[in-house]
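Read the figures in this text as sums done on the coordinates, not as results from a lab. If you're wondering where the values come from, they're calculated on a predicted model, not measured in any experiment. Methodologically, a virtual Cβ is constructed for each residue, glycine included, from the backbone with ideal geometry; neighbour enumeration extends over all protein chains shown.
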Amino acid sequence: MPTAGWRTRFAPAPTGFLHLGHLVNAIFVWGIARAFGGRVLLRVEDHDGTRCRTEYEAALLADLEWLGLHPDEGSLASYAARHASDQHSGEPPRHSPRHSPPHPLRQSDNPDRYAAALAVLSERQLVYPCICTRRDIAALAPRTPGEELRYPGTCRARALPPDSTLARRVMLDDSVEHFDDLRLGPQSQQPSQQCGDVLSRDRHGGWTYQFAVTVDDFQQHVDVVIRGEDLLASTGRQLQLARLLGRPSPPLFLHHPLLVRDDGTKLSKANNDTSLRERRAGGATPADLFGEAAYLAGLTARRRPVAVDELPALFSDRLLSDRV
Ligand code: GLU
């Protein structure tokens, strides 16, 4: 691990209520940070304005508070207070960050940050407008089921005028990205073969996950990215994007196991998996939920309550790579 004071982040998207899958991520983030001298940033990943809702942001802040998971930066307390007064005044919940105190760790409050990063890449002639839809790309680049959609670079050669669309892609080169995952060991990925040129802004002007997260991890000095294995395939492209943006040294990565349902599919709010607040309403305590998530993630040998103060001990008593 880096020297004391290193930074990691908990970065949920407020598109639903937190569930056990998020809790596993939080256990890894806070447990490892507290065990090894790191600091936790709370980042609200609401880059997708069509799916994010203010009420989910307020709920996730309240859930973290109830669980006893306190970020070292980005508590957004002033925002939560404002939302409470909105509710008091009877206004409907909305995702309208411009009406709330802007926060440096809420993505939708900081579009200029992403625009400036894109300008850096444009200056280097690495950006081009793209008018291809997902359907166009799927037709051009057939794939086997489960395989990622790879952009074949059609608009690279089209030299479209900038005002033809808001969508922009960043040119990737053919380099192979190597990184040593703190849990999974050495990894190699070739983003140009996995996904092709990365979409940074969509045709509606929305910043994409890949672009926004890379800019934020760079600008917020995130040293260690701790997240689920479902994002493992994104890491190579984020490493390459970060380098193109001028990040001098890449972050470290740890991808943890995901909780899966009995049929092997990932837990998600889209599938109405039980939220932490429903479990709380049913009488569960934070220690019950930490215990259940830790057990299901393979961090404890048997199912037992785990207090928030015990989270570091799940990681600190062995070398990280042996443990998780
Ligand atoms: N916002 C993403 C999510 O909720 C996490 C992104 C990341 O950790 O890179 O799944």
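Beta bridges per DSSP, both residues in the chain: antiparallel share near 50 percent. For the chain, the mean residue ellipticity at 222 nm estimated from helices alone is -10000 deg cm²/dmol, where every DSSP H run of n ≥ 4 contributes -39500 (n - 2.57) and the total is divided by all residues, rounded to the nearest 500.
From the Cα gyration tensor of segment 194-241, with a ≥ b ≥ c the square roots of its eigenvalues, which class applies: rounded if a/c is under 1.5, or else prolate if a/b is larger than b/c, or else oblate? Here segment 194-241 falls in the oblate category. Rounded to the nearest 10 degrees, the inclination of helix 77-88 to the longest alpha-carbon principal axis of the chain is 80 degrees. Exposure proxy ranking for V260, V29, based on other Cβ atoms within 10 angstrom of each Cβ and starting from the fewest, stands as V260, V29. For a 4.7 Å threshold on C-beta separation, the list of partnerless cysteines in the chain reads C52, C132, C195.
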